[in-house]
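Each value in this text was obtained by applying a stated rule to the coordinates, not by laboratory testing. This structure is a prediction, so every number in the text was calculated from the model and none was measured. We place every Cβ from the backbone using ideal geometry, glycine too, and count neighbours over all the protein chains shown.
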2 protein chains.
Amino acid sequence: MTLIPHRTVASQLAVHLRAELKKGTWRGWLPSERVLSRTLQASRNTVRAALEQLKADGLIEPVRGLGNRVVGTAKPAIVEHQTRTVGVLIPEPIGHLRPLIALWIDELKDLLIEEGYRLRIHEGRQCYQTNPARALDRLIGQHAHSAWVVTLSSEAMQRWFARRNTPCLVAGSTYPDIALPHYDLDYRAICRHAAGILLRAGHRHLALLNRESRRAGDVDSERGFVEGVSRSPHRDATAVIAYHRDDVDSVARALRTLFDQKNPPTALVVSNSYAYLSTASVLAQRGLRVPQDISLISRDDDPFLASLVPEPARYRVDPHSFAKKIVGSLLQMLNRSTSLRSPAPLLPKFAAGGSTAPRQ
Amino acid sequence: MTLIPHRTVASQLAVHLRAELKKGTWRGWLPSERVLSRTLQASRNTVRAALEQLKADGLIEPVRGLGNRVVGTAKPAIVEHQTRTVGVLIPEPIGHLRPLIALWIDELKDLLIEEGYRLRIHEGRQCYQTNPARALDRLIGQHAHSAWVVTLSSEAMQRWFARRNTPCLVAGSTYPDIALPHYDLDYRAICRHAAGILLRAGHRHLALLNRESRRAGDVDSERGFVEGVSRSPHRDATAVIAYHRDDVDSVARALRTLFDQKNPPTALVVSNSYAYLSTASVLAQRGLRVPQDISLISRDDDPFLASLVPEPARYRVDPHSFAKKIVGSLLQMLNRSTSLRSPAPLLPKFAAGGSTAPRQ
DNA sequence: GGGCAGTGGATCTATTATTGAACCGCCAAC
DNA sequence: GTTGGCGGTTCAATAATAGATCCACTGCCC
């Protein structure tokens with residue numbers, strides 16, 4: 001599999017070269033890249049990719065016009081015997097997270113074990129507060145992981161990690177001007193699409209039920225949702241956004257404010273599958289029926305949604321492929337093969353379900 | 001460095017598979033190509049390319065419709081328990097299981113790694129059919145695990161394992177005359193308790209929505225439920241049991257037969273949290289309100305239930321302590337220190353929630 | 001006997017790694 | 001200064017791989 005770096009030719013060459021260096025085959029300067037390319041039976045590009053890894057480890061130092069100088073031989077031993085663990089930062093006990101998140105973290109654990117890494121889960125509620133610096137300092141200082149995977153991260157957390165050179169992968173979206181490697185769903189496109197679906201079904205008063213905390217993904221959602229409505233040909237279409245926290249009551253409150261107004265929405269996009277459950281049951285208590293009285297779309301997926309009647313229209317994600325992308329980026333980062341580009345965000349497939357209907 | 005492409009993934013896999021074959025990891029038949037592709041993290045095409053090399057070496061012999069047969073019957077290597085792995089047998093992909101089950105399997109994985117064991121998850125739908133002997137023969141024969149953990153097991157499966165001396169722990173209840181070590185919740189006590197709660201609230205027509213498959217835990221539930229009603233001082237109390245499968249439609253059908261009869265129940269115990277979701281939403285569609293029109297209790301717990309309005313009355317379980325019990329029994333079994341007694345079944349705490357009300 | 005789920009066999013497309021070849025600016029030596 | 005070799009960069013073509021979809025075959029269950 002090409003995503004796993006050590007299976008690529010470049011990484012195999014890097015391993016080989018590291019061994020040769022350690023043996024002391026070359027002192028002073030490496031053979032030129034063109035020569036290496038010939039002796040190692042690989043193209044110069046591939047050799048260069050391998051050399052890049054050695055450079056990142058501080059073993060060699062390329063000098064323009066001269067060659068690759070051998071620098072230090074002490075380092076690699078330390079690199080080898082490093083802990084080889086990866087930390088995952090989550091805000092709550094894993095049992096409280098959404099099942100889909102638990103699933104991909106689980107997959108990530110398996111994939112990393114296969115690669116010789118152990119995954120350590122850190123439930124650090126303090127790191128998710130408004131000023132996380134102290135908590136993060138302590139946590140990251142205490143645990144010498146090879147890399148960190150940060151889930152559900154706040155802007156302050158992302159800024160903190162961006163300032164350090166701790167290897168860090170954001171599982172989720174990043175805020176506009178933060179240059180951290182990240183991987184997430186394309187929430188902007190999702191919500192734009194959801195708005196389009198509802199508008200085409202004849203709805204004109206749409207609402208987005210969004211998390212109050214405004215994580216990057218939520219901001220993107222909002223942006224996409226508003227775009228979807230404002231760029232539509234329907235000039236009479238309106239978009240309202242209501243905010244909720246993670247508890248049931250706040251969802252109920254948000255719904256009350258939405259539906260107690262004069263011109264209540266006829267279609268709702270819910271940004272979170274737990275909130276979808278709350279929404280569906282609160283609407284049922286108010287005597288509103290899905291989809292006859294109101295159409296619902298869930299932005300997030302979770303296995304339990306399949307047990308609802310009607311089945312929620314939602315954007316389906318495969319936790320396995322999500323975990324694979326994450327682990328791919330992670331290993332790339334751990335092997336320092338190249339400077340990491342964030343993979344393109346994932347655009348999940350829309351499953352129509354039965355929770356939307358044309359406006360009556 | 002040879003010119004033979006040692007560097008392609010396919011060739012690396014071939015090397016790896018050759019080594020595994022020599023070790024005697026698989027006897028008789030190789031795992032199916034699709035399974036190999038998953039465990040080896042490579043596409044089936046690549047796996048097939050690797051298998052082709054083994055075939056050319058005469059190590060395996062593919063049989064259409066059956067699998068890849070191991071030919072070179074060198075010798076049953078004596079490396080029996082060097083593997084130090086534990087197999088978990090589940091009927092569906094882990095993402096389809098209830099989150100709570102996924103959670104304790106996850107915990108189990110962590111705890112076992114700490115003990116030096118690897119957990120291998122086997123999704124064997126065939127092993128859950130009416131006659132699982134063949135599928136089990138093949139699965140258990142193929143994988144030389146130190147022990148097996150069997151979840152959601154049928155009676156036939158338990159009998160199969162009881163006849164062997166394969167170390168096996170049943171995660172769940174056992175059928176009456178089967179002497180396998182097991183650990184589960186005390187479903188009999190739970191359902192007896194649930195019936196008592198509803199009777200004390202004035203309900204007289206109770207129903208239990210139970211799984212059709214009648215696993216041991218479901219049988220216990222039924223027994224406890226009937227006991228709870230029949231032993232009550234209320235002579236006019238009746239207990240009905242309706243059966244459903246694991247799909248939403250069958251739950252809807254079961255509910256229809258319950259509520260279309262002349263004297264419908266006013267209180268319902270649902271044996272499964274997914275079925276609880278289906279039940280709640282079907283009732284909402286019929287215009288019945290919880291708890292005003294009907295009281296509900298969920299026998300099983302799952303995190304997502306907390307997002308429902310009203311919050312379901314249910315029996316709460318801590319997946320961590322459940323996993324610890326399982327791993328405790330398992331390690332006792334693996335170390336063969338003493339003959340294993342099954343730990344006492346767990347009686348979880350009742351959380352009242354808001355889904356029950358006195359009969360109007 | 002038919003339906004069904006699982007198997008290897010085969011094929012297709014999209015993505016990615018790798019190749020092989022340009023060209024650039026830099027360096028030291030002639 | 002010129003020259004040839006060096007690393008740095010880019011590019012298009014190619015090979016490997018992933019991932020999906022069919023097929024024919026097998027055995028089990030109904």
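Brief remarks follow.
- In this assembly of identical copies, the label point of A:Gln41 (Cα plus 7 Å along Cα-to-Cβ) is separated from its counterparts by 2.5 nm, sorted shortest first.
- Gyration tensor verdict on the stretch A:209-360 (Cα atoms; rounded if a/c is under 1.5, prolate if a/b is larger than b/c, oblate otherwise): prolate
- Residues A:Val317, B:Val269 arranged by fewest to most Cβ contacts within 10 Å: A:Val317, B:Val269
- Put a plus charge on the Cβ of each Lys and Arg, a minus charge on the Cβ of each Asp and Glu, and nothing anywhere else: the dipole of the stretch B:9-70 about its Cα centre is then about 160 debye.
- For A:Asp177, A:Asp57, the sequence from fewest to most other C-beta atoms within 10 Å is A:Asp177, A:Asp57.
- A full extension of the chain between B:Asp177 and B:Ser43 corresponds to an added length of 43.8 nm, given 0.36 nm per residue minus the alpha carbon distance.
- Mean partner shielding of peptide B:277-283, defined as the number of other chain Cβ atoms within 10 Å of each residue Cβ, is 5.
- Taking the helices alone, chain A has a mean residue ellipticity at 222 nm of -12500 deg cm²/dmol, built from -39,500 (n - 2.57) per DSSP H run of at least 4 residues and averaged over all its residues.
- Calculated FRET value between A:His234 and B:Asp246, using beta carbons and R₀ = 35 Å, to 0.05: 0.25
- Placing +1 on the Cβ of every Lys and Arg and -1 on the Cβ of every Asp and Glu, with nothing else charged, gives the stretch A:219-342 a dipole about its Cα centre of roughly 340 debye.
- The angle separating the long axis of helix B:9-23 from the principal Cα axis of greatest extent in chain B is about 90 degrees.
- Dipole magnitude of chain A, debye to nearest 20 (Cβ charges: Lys/Arg +1, Asp/Glu -1, about Cα centre): 1080 debye
- Dimensionless Rg/Rh of chain B - Kirkwood Rh, Rg from C-alpha atoms: 1.07
- DSSP beta bridges in chain B [antiparallel fraction, %, rounded to 5]: 20 percent
- Between A:Ala344, A:Ala313, A:Ala189, the Gaussian network model of chain A with springs among Cα atoms under 10 angstrom shows the greatest mean-square fluctuation at A:Ala344.
- Shielding of peptide A:104-112 by partners, expressed as the average count of other chain Cβ atoms within 10 Å per residue Cβ, is 3.
- Between helix B:216-230 and chain B: long-axis angle, C-alpha atoms, 0 to 90°, nearest 10: 10 degrees
- Distant-in-sequence amide H partners of B:Val170 (H built 1.01 Å from N, under 5 Å): B:Val150, B:His182, B:Tyr183
- For A:Lys55, the point set 7 Å out from Cα toward Cβ sits 4.4 nm from its twins in the other copies, listed from shortest up.
- Folded to 0 to 90 degrees: helix B:273-285 orientation relative to chain B principal axis, Cα: 50 degrees
- Shielding by partners - mean other protein chain Cβ count within 10 Å, residues of A:309-319: 2
- Long pairs among A:Lys109/B:Lys324; A:Lys109/B:Lys22; A:Lys325/B:Lys324; A:Lys23/A:Lys55, criterion Cα-Cα beyond 21 Å: A:Lys109/B:Lys22; A:Lys325/B:Lys324
- The protein assembly as shown shape via C-alpha gyration tensor axes, a/c threshold 1.5: oblate
- Each copy carries a label point for A:Ala201 at 7 Å from Cα toward Cβ; from one copy, the others' points are 3.3 nm away, ordered from shortest.
- Beta bridges per DSSP, both residues in the protein assembly as shown: antiparallel share near 20 percent.
- Extreme residue, positive dipole direction of the protein assembly as shown, given options A:Ser298, B:His203, A:Val170 (C-beta unit charges): A:Val170
- Mean projection area, nm², convex hull over Cα of the stretch A:5-79: 4.6 nm²
- Distance from the Cα centroid of the stretch A:252-329 to that of the stretch A:108-169 is 30 Å (rounded to whole angstrom).
- Tensor-based shape of the stretch B:154-248 (alpha-carbon gyration tensor, a/c under 1.5 rounded, otherwise prolate or oblate): prolate
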